[in-house]
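Structure record follows, encoded as structure tokens.
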Amino acid sequence: MNRKHNKRNIVIYHLLSILFSLIFVLPILWALIASFRPEINIFQGISPLSFKVLSFFPFTLDNYIGVFKNEVFSKALLNTFFVATTTVIIGVIINAFAGFSFATMDFYGKKVLFSIVVASFLVPGDLLVIPTYNLIDSMGLIDTKIALILPLLGNGMVIFMFIQFFSQIPKALSEAAVIDGASYRQILIIIYAPLTIPTIIGASLIMFLAQWEAFLWPLVVSRSINNGMIQLALSTFTQQYGTLWGLKLAASSLLCFIPLIILMPLQKYYISSIASSAIKG
């Protein structure tokens, strides 16, 4: 009797899981499929009870061609890749050194600084927009790529990930290297870095996605097409007398699926880095 009851619960659980998954996935799937339709056919068969909603026909690539021909969007796409890649390269180095310092060194104010790093998780980024803007403005960096990169170089979550991973590495390794005359920089680069590949990949993905998804900060500091970001470029497809739905859906699909394409082959490293940061060795 208990086995039948358990099987019934398992079946109900899986059915509910499938139902809720469809509720979340179907709108995204429809947007992707609709982005391959001509403008006049996008909202045909919109009823969720009709299989036409998942039909690719009539099929066209005009929307994607139009998106890449749009000067504002194509420029913003290149800007976003440049800003995100630069943030990842510089940010991972800075945060790795910070995490290494916390994990392997004893210095005055270490506990206070570590508390600030942890507390930064609780502070919404939007809350810091005004003071950060005032600082960037005082430096004369408004409407520059540096203004987009600089505030996102330091990431409390990434620092914490490196601290947790480095703390699991036996200190005997670094102590032996110090005796042999190695500097802390050499210890990090030669000994620790090769062991930290999953954490580096996870940190890179977190920082890349932070720039890819950024909206409010680019909105505040970007004032020209040369420094526009991809999230802001979506507004170019909403015009005074209506929305160009084909172009907007194509652009939105690119925004969603480019990070997925990057994440898919690196998923196991990303999960490994997040899991290891939750374990204190």
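Regarding residue 199, is this residue under 29 Å from residue 148 (Cα atoms) and loosely packed, with under 13 Cβ neighbours inside 10 Å? The answer is no for residue 199.
Regarding residue 148, is this residue at pLDDT 90 or above and closer than 29 Å to residue 183 by Cβ? Here the answer is no, as residue 148 does not meet what is asked. Filtered by the rule that a residue be buried (at least 22 other Cβ atoms within 10 Å of the Cβ) and within 15 Å of the chain's Cα centre (by Cα), segment 219-236 gives 229, 230.
To keep it simple, each residue is scored yes or no on (1) touching a strand residue (DSSP E or B) at 6+ places or on another chain (Cβ under 6 Å); (2) surrounded by 10 or more Cβ atoms within 10 Å (Cβ to Cβ); (3) at pLDDT 85 or above; (4) more than 30 Å from residue 165 (Cβ to Cβ).
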residue: 47; (1), (2), (3), (4): no, no, no, yes
residue: 61; (1), (2), (3), (4): no, yes, yes, yes
residue: 73; (1), (2), (3), (4): no, yes, yes, yes
residue: 95; (1), (2), (3), (4): no, yes, yes, no
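Within segment 102-147, being among the small types (Gly, Ala, Ser) and either exposed (fewer than 14 other Cβ atoms within 10 Å of the Cβ) or not assigned by TED's automatic domain parsing to the domain that holds residue 222 (or both) holds for 109, 115, 119, 138, 140. Is it fair to say residue 247 is in contact with a Phe, Trp or Tyr (Cβ under 7 Å, 6 or more places away or on another chain), outside the structural domain of residue 32 (by TED's automatic domain parsing) and not charged (D, E, K, R)? Against the criterion (in contact with a Phe, Trp or Tyr (Cβ under 7 Å, 6 or more places away or on another chain), outside the structural domain of residue 32 (by TED's automatic domain parsing) and not charged (D, E, K, R)), residue 247 qualifies. Modelled with pLDDT under 80, over 30 Å from residue 160 (Cβ atoms) and assigned to a helix (DSSP H, G or I): does that describe residue 9? So residue 9 passes the test.
The values are calculated or read from the model by the stated rules, or taken from the named source; none is laboratory data. Computed from a predicted structure; not experimentally measured. Every residue, glycine among them, receives a Cβ derived from its backbone with ideal geometry; neighbour counts consider all protein chains shown.
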